[in-house]
Amino acid sequence: MAACLSCLLRKFIPLSRPPRILRSLRRLLIGLLLLAIVPTGGNARTGWRTHALVVNSLGGALSAAQDKAFFRPFAAQMGVGILRYVWDGDPQPRSGHAGRAWTVALMEDSTARAACMQGFLLRLGGAPGSADACGVPAMREGIALVWDRGRIPVAPHWSDFWNVVRYPGKRGLRRDPRSTLEIALMADGVAPADVYAVLGTPEGVARAFRKLSQLRPYIEWWTSPAESARIIGNGSVLMTSAAGGEVMAAATGQRDVGLQWEQSLDDGLSWGVAPDLDRAARDRARSLLHFMAQPEQVARFASLYHAHGDVGSAQPLLMDAAFWHEHLPDLSKRFADWLAAP
């Protein structure tokens, strides 16, 4: 199998492509090989002209870049309509406008695992009862510390994020335990390499929430990548955790903001396929996923959406999808209880 994958990669990926694009495309092609969908007959193109493909994505600059790099060219080439909707990342992707059934949805890898195990996604491979191959890898998003350079001239760190005496002002964090608890531990002195080992213990969880409690009165919560960029761009916060690609896309013409990539997080995103699609809809989904894997489309998207910017020598913390698949239910409840506490 490995030998066959290598042959495919040599055929479809020019060696001159940048390493990040190579890695993303390799993962996407492997996922596509696991997508066992029976092709339709010769009349499929006729059906494609009358049945739109519904895509759930995350909105903001990310969706705009996907539209230019993937959806519009695919629709023009294949003669199939693309209806794009913004969804909230819930493990059960909802239908589009007027109850129209969705086909594919972009989500965090940890969400894809949970959704697949609950039967909300088509299983693309792996052993029965496992969370393997529950999505087709799409990209990786950088979550960085973003700050107002007009008020703080030197790049801060997560420890500075908590220093409201020296740097008074609001802080932005994601209203979700994912990324937020990792950041709290790093701000408390835990090395990135040790974050998940610490967070996997009751003592580590308590430590993360104690750290969050210190900052509670100053936190402005965000719930989408686009919102993370908006609250720093409009001056609502002095510093925030934020999706790097959204911040870089929104930076032109707005407040002077900086991105600190040291101790940033690197989150995987995948395309999930709806279960119980009919044969034609599954074939349309397969065709779109294959189209998005082509080198020219991958390169076009990378030129439009800069998820990591110039990270230099910084080594981001890879968010552990397996950890969150196991611990997300309990930590989400603990997080909700903490939010509700006086």
Self-check item: Heavy-atom accessible area order for Glu296, Glu227, Glu326, largest first, 1.4 Å probe
Solution: Glu326, Glu296, Glu227
Quiz item: Which value, in debye to the nearest 20, describes the size of the charge dipole of region 161-247 about its Cα centre when Lys and Arg Cβ atoms bear +1, Asp and Glu Cβ atoms bear -1, and nothing else is charged?
Solution: 280 debye
Quiz prompt | Separation of the Arg175 and Arg84 label points, Cα + 7 Å toward Cβ, nm | solution = 2.5 nm
Exercise. Using a cut-off of 9 Å between beta-carbons, work out the net charge of the residues near Gly142 (Lys and Arg +1, Asp and Glu -1, Gly142 not included).
Key: -2
Practice problem: If a/c stays under 1.5 just call it rounded; otherwise compare a/b with b/c (prolate if a/b is bigger, oblate if not). Do that for region 243-342, with a ≥ b ≥ c from the square roots of the Cα gyration tensor eigenvalues. | Solution: oblate
Quiz item: Taking 0.36 nm per intervening residue step and subtracting the Cα-Cα distance, what contour gain separates Met117 from Arg255 on full extension?
Solution: 45.4 nm
Self-check item: Sites Glu203 and Ala340, calculated FRET efficiency, Cβ-Cβ separation with R0 25 Å, nearest 0.05
Solution: 0.65
Quiz item: Points 7 angstrom from Cα along the Cβ direction at Leu215 and Arg279: gap in nanometres?
Solution: 5.4 nm
Practice problem: Sort Tyr85, Tyr218, Tyr305, Tyr196 from largest to smallest accessible area, using a 1.4 Å probe on the heavy atoms of the protein chains. | Solution: Tyr218, Tyr85, Tyr196, Tyr305
Exercise. For region 106-187, build the charge dipole from Cβ charges (+1 Lys, Arg; -1 Asp, Glu) around the Cα centre, then report which of Cys116, Val164, Ala184 sits farthest towards its positive end.
Key: Val164
Practice problem: In nm, give the distance between the simple-model label positions of Ser332 and His306, each being 7 Å from the Cα along the Cα-to-Cβ direction. | Solution: 3.4 nm
Quiz item: Once the other residues with Cβ under 13 Å from the Cβ of Val237 are scored (Lys, Arg +1; Asp, Glu -1), what is the net sum?
Solution: +3
Self-check item: Net charge contributed by nearby residues that have their C-beta within less than 13 Å of Tyr196 (K/R +1, D/E -1)
Solution: -3
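The values are calculated or read from the model by the stated rules, or taken from the named source; none is laboratory data. Bear in mind the structure is a predicted one, so any value in this text is a computation, not a measurement. When we count neighbours, we look across all protein chains shown, and the Cβ atoms used for this are built from the backbone with ideal geometry, even at glycine. Surface accessibility is based on the protein's heavy atoms, side chains included, excluding ligands, DNA and RNA. Shrake-Rupley method; radii C 1.70, N 1.55, O 1.52, S 1.80 Å.
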